[in-house]
1. Just one of (1) crowded, with 18+ Cβ neighbours inside 10 Å; (2) free of Cβ contacts under 8 Å to residues at least 60 places away in the same chain; (3) in contact with a strand residue (DSSP E or B) (Cβ under 7 Å, 6 or more places away or on another chain); (4) under 30 Å from residue 302 (Cα atoms) trips up residue 212, so point out which.
2. Take residue 195 and decide whether it is part of a helix (DSSP H, G or I), assigned by TED's automatic domain parsing to the domain that holds residue 141, free of Cβ contacts under 8 Å to residues at least 60 places away in the same chain and in contact with a helix residue (DSSP H, G or I) (Cβ under 8 Å, 6 or more places away or on another chain).
3. From (1) more than 16 Å from residue 289 (Cα to Cα); (2) buried (at least 24 other Cβ atoms within 10 Å of the Cβ), pick out the condition that doesn't hold for residue 252.
4. Exactly one condition in (1) closer than 22 Å to residue 292 by Cα; (2) more than 21 Å from the chain's Cα centre (by Cα); (3) not in a loop (DSSP other than H, G, I, E, B) is false for residue 175; which is it?
5. Looking at this structure, is residue 213 at positive phi, modelled with pLDDT of 95 or more and out of contact with any helix residue (DSSP H, G or I) (no Cβ under 7 Å at 6 or more places or on another chain)?
6. All but one of (1) touching a helix residue (DSSP H, G or I) at 6+ places or on another chain (Cβ under 9 Å); (2) surrounded by fewer than 15 Cβ atoms within 10 Å (Cβ to Cβ); (3) modelled with pLDDT of 95 or more; (4) not assigned by TED's automatic domain parsing to the domain that holds residue 210 hold for residue 58; state the number of the condition that does not hold.
């Protein structure tokens, strides 16, 4: 939301309800200010639009509209790929419009229609190819000469274990390949991480698997740039920005069919998309990409072009704002 907000301000008047995490140059409203502002339509008869992304935001908007008479239209963005609770479905049925972020996520919307599909986007200025992938890798100070990266919390849903199973045969044959696992492990997921570590140790490959832990956002672009391949193998996902960030950074990607990834990836053209939990398929695609520089470099070029054309944060902001403005009248 914060990334989109930077660009939305170029297309419309935008205010945020509540100041948490919001940049200082953003117009912020308290709830009482919001109620006072929205008690009547704009002078030209147009309505203000309240864009909600969570249940509590839908509740805030409906409370203002029903109990306090706010002259607003309410739009909700649904990105979850799971069955919604009865309460969430009821809230969504009271919306003036619903946006979804992918065709797959739209299939989970019940009791109301999806009015527009607007995918998420990423900052292609921040996520871009390194001038030299070799030098970018060397800057990390990790062993080997090629990196297979996976990004996200170390937990079962992210499929870290699937990549470990898939990569072990490759790492046994090629000591120059290192798997980089970048993400935080919370105490509740420590048993899962220990199981993965035991599997790595039993294979005798502890030197070729690196757990970086949680990294600051400012460092992530340089880590992406250094990777030869990035895997995103979640068992379930809402949308999932990691493949887009990797594609924009000049990496070849392998994804599961979770999230929006089967809509983003044209398998064999701009990346590979494999069935969820299929470690053998991941091994097969990794072998192709690790062993064939020409193939992965060509795929990386096509992948970045695809992101630039369809999945920039500027495009997301513009599409959202145009749709919201169309509801004002």
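The values are calculated or read from the model by the stated rules, or taken from the named source; none is laboratory data. On a predicted model such as this, the values are computed, not experimentally measured, just so you know. Neighbour counts run over all protein chains shown; Cβ positions are idealised from the backbone, glycine included.
1. Among (1) crowded, with 18+ Cβ neighbours inside 10 Å; (2) free of Cβ contacts under 8 Å to residues at least 60 places away in the same chain; (3) in contact with a strand residue (DSSP E or B) (Cβ under 7 Å, 6 or more places away or on another chain); (4) under 30 Å from residue 302 (Cα atoms), residue 212 violates only (1).
2. yes
3. (1)
4. Evaluating residue 175 over (1) closer than 22 Å to residue 292 by Cα; (2) more than 21 Å from the chain's Cα centre (by Cα); (3) not in a loop (DSSP other than H, G, I, E, B) leaves (3) as the failure.
5. When the stated conditions are applied, residue 213 passes them.
6. Looking at each condition in turn, residue 58 falls short on (2).
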